[in-house]
Amino acid sequence: MNTSRDIYSGIAGLWKKYTVLAWLGACLLLQIDSYSQVLQLQRYEREQKSSNDYYHNVISLKEEGLILFRERDKYKGGNRLWELSLLDTALQEKKVVDIEVKERYKMIGYEVVSGGIYLLYRTGETNKNDFELIFVKFNSDEITRSSIKPDLDFKVTHFSRAGDSFAFGGYVNNEPTIFLYELPTGLIKVVPGFFQKDTELVDLRTNQNQTFNSVLVDRGSKGERSLIFRTFNSSGEMLLEDKVPIEERVTLQTGITSTLEREELMVFGTWGEKNSKQSTGFFALPIDPFGDQKIQRIDFGSLKHYVDYLNPKRAARIKEQAKDAAAAKEIPNFINYVMPFKVTEYKDGYLLLAEAYSPSSSINPYYSSPYYYNPYSYGPYGFNPYFPGNYYPGMSRLYRPYPYTTNSKSADEIKTNESVVVAFDANGNVMWDQSFKLEEVKLASVEQASDFCIVRNKLSIVYKKESELKVKSIVLLTDESQEMTEKVKTNDPVDEIRSEKDYEGGVRQWYNNTFYVWGYQTIRNVTKEDRVRDVFYINKVQIH
């Protein structure tokens, strides 16, 4: 007959076995998560016949595919032809559209919406010229054109659709200005509350509910300075304003707003010592017009992994000096050229992607900046961080104005040294950070060189170095990491990649754990009649 002690002993034994099995299962899951695999699933390839026909952009439509567009060296009726190609997620060409554009018109922006894309052109070289807005519908041959005449000497820096209106941000007489163009009526409305001296418009971004945010930063040298955050509806009526003081000894250099995928509104960016052209760290600001919140600042040396790309001894000294500066309530010495590129909202908070870079000693700022104009230049390239939101529908950016055909070794270069991802909670506190040392990726301007995805508890950071994919995967629970290098694959195993064009191409997160990689290659194949060919390519890549 079983006694209560026997029963208890049996239950305890079963519980022990269950605990061991659960522990083994957790260890197995961590081992599976720590192992990563790179799959190159499909490749799109088009032979490149002319250096004048380079693709200007590869634009993500998330699960609906990709858009390519380029300016052709072809004309029709005196107008230059622009070609827009629509690819599905298997990189199969679904549609090609030729768009007639007047020769003097300059491409300055685009906006992706559900079912189509808007292309923004300026009708001449000066800031007094008008705009033409062209809408291309994906499921038909319909192309519509709208003429926008603001009647202003307007230097454009931002362009985004909000509801049935387009918001244009920029400067008139070096003072920030926003005007709205209403699509249904064609009316133009100047949004009140701007035109302030010594003030920079650092961001203008559309929210998921079709309202839009603006961020102004006071650049004055005297008196109290503030960051001013505002949210407007699509008619330009202000719904919210939050004015937050900036500490006297620091300056806020860049800013990116969240877009209401989560409930909170936030601003993230870089900060530095007042009048410094380099950054000291990142900041986060929760928006609360009824509270007395402060700008949360963290310096690079206080982050766990930011300085990992440096010599270990130097990195240790930077971290130690950061601790000493924090204890003395001083600003640390370590500074960096850093550009934040995007904010991703996810279930646990916010993820900020930024990159550290080394600037060229001399460069024309117009042709190096990915932005159009900014009278307040922090750093050698000027900031006005209009960064493309990584959401769809409603994804937009300004078209970068530098040439695409340079391949000269003497061309000015930006060397990107590191990619960093920082996670913030809803209060602006840093939860964790991770980084990936980049092997001096050379670009012709301050452009995004890397991207990332996060699946379960694993973060993967990806970039392209010539014809190689570089991947670092980190298990966030254990901080274990794995680095991999994969050759960019071609369709034919006999193909030999002879070279990859400098300053062109890149990698972007497409959707979930899927990325797209693109560039220009010279390929040799001894089995074909034309043994050597130049191609534009896109590879679909998944990280598991």
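Table for the structure above
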| item | result |
| --- | --- |
| Filtered residues of the range 247-280 (kept if under 26 Å from residue 307 (Cβ atoms) and open to solvent by 10 Å² or more (accessible area, probe 1.4 Å)) | 247, 249, 273, 274, 275, 276, 277, 278 |
| Pick from the range 410-447, criterion polar (S, T, N, Q) and crowded, with 22+ Cβ neighbours inside 10 Å, ranking: nearest to residue 348 (Cα to Cα) | 434 |
| Of the criteria (1) open to solvent by 20 Å² or more (accessible area, probe 1.4 Å); (2) more than 20 Å from residue 43 (Cα to Cα); (3) in a loop (DSSP other than H, G, I, E, B), which one residue 481 fails | (3) |
| In the range 322-346, the residues that are farther than 15 Å from residue 420 by Cβ and open to solvent by less than 50 Å² (accessible area, probe 1.4 Å) | 322, 325, 331, 332, 345, 346 |
| Number of positions in the range 228-265 that are among the acidic types (Asp, Glu) and in a strand (DSSP E or B) | 2 |
| Failed item in (1) surrounded by fewer than 18 Cβ atoms within 10 Å (Cβ to Cβ); (2) of a type outside the set (Val, Ile, Thr); (3) touching a His at 6+ places or on another chain (Cβ under 6 Å), with residue 169 passing the rest | (1) |
| Given (1) modelled with pLDDT of 95 or more; (2) surrounded by fewer than 20 Cβ atoms within 10 Å (Cβ to Cβ), index of the condition residue 227 fails | (2) |
| Which listed residue, of 149, 189, is in contact with a Gly (Cβ under 6 Å, 6 or more places away or on another chain), among the basic types (Lys, Arg) and at pLDDT 95 or above | 189 |
| Leading residue by the ranking (nearest to the chain's Cα centre (by Cα)) among those in the range 193-217 that are crowded, with 20+ Cβ neighbours inside 10 Å and modelled with pLDDT under 95 | 199 |
| In the range 515-532, residue farthest from residue 60 (Cα to Cα) [restricted to those that are under 38 Å from the mean Cα position of the chain (by Cα) and of a type in the set (Val, Ile, Thr)] | 532 |
| All positions within the range 230-246 that are buried (at least 18 other Cβ atoms within 10 Å of the Cβ) and closer than 23 Å to residue 174 by Cβ | 230, 232, 236, 246 |
| Residues satisfying the stated conditions in the range 135-176, i.e. under 24 Å from the mean Cα position of the chain (by Cα) and without any contact (Cβ under 8 Å) to a residue 40 or more places away in the chain | 135, 168 |
| The range 347-361, subset closer than 23 Å to residue 431 by Cβ and among the small types (Gly, Ala, Ser), residue surrounded by the most Cβ atoms within 10 Å (Cβ to Cβ) | 354 |
| Any chance residue 497 is part of a strand (DSSP E or B), surrounded by 14 or more Cβ atoms within 10 Å (Cβ to Cβ) and either over 24 Å from the mean Cα position of the chain (by Cα) or without any contact (Cβ under 8 Å) to a residue 24 or more places away in the chain (or both) | yes |
| Strands (runs of 3 or more DSSP E) wholly inside the range 7-124 containing at least 3 residues that are modelled with pLDDT of 95 or more, farther than 27 Å from residue 166 by Cβ and more than 23 Å from the chain's Cα centre (by Cα) | 38-47 |
| In the range 283-308, residue surrounded by the most Cβ atoms within 10 Å (Cβ to Cβ) [restricted to those that are in contact (Cβ under 8 Å) with a residue 60 or more places away in the chain and in contact with a helix residue (DSSP H, G or I) (Cβ under 8 Å, 6 or more places away or on another chain)] | 306 |
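The values are calculated or read from the model by the stated rules, or taken from the named source; none is laboratory data. Computed from a prediction, not measured in an experiment: that's the story for all the values here. Positions of Cβ are generated from backbone atoms using ideal geometry, with glycine treated the same way; all protein chains shown enter the neighbour counts. Side chains included, ligands, DNA and RNA excluded: accessible areas come from the protein's heavy atoms. Shrake-Rupley method; radii C 1.70, N 1.55, O 1.52, S 1.80 Å.
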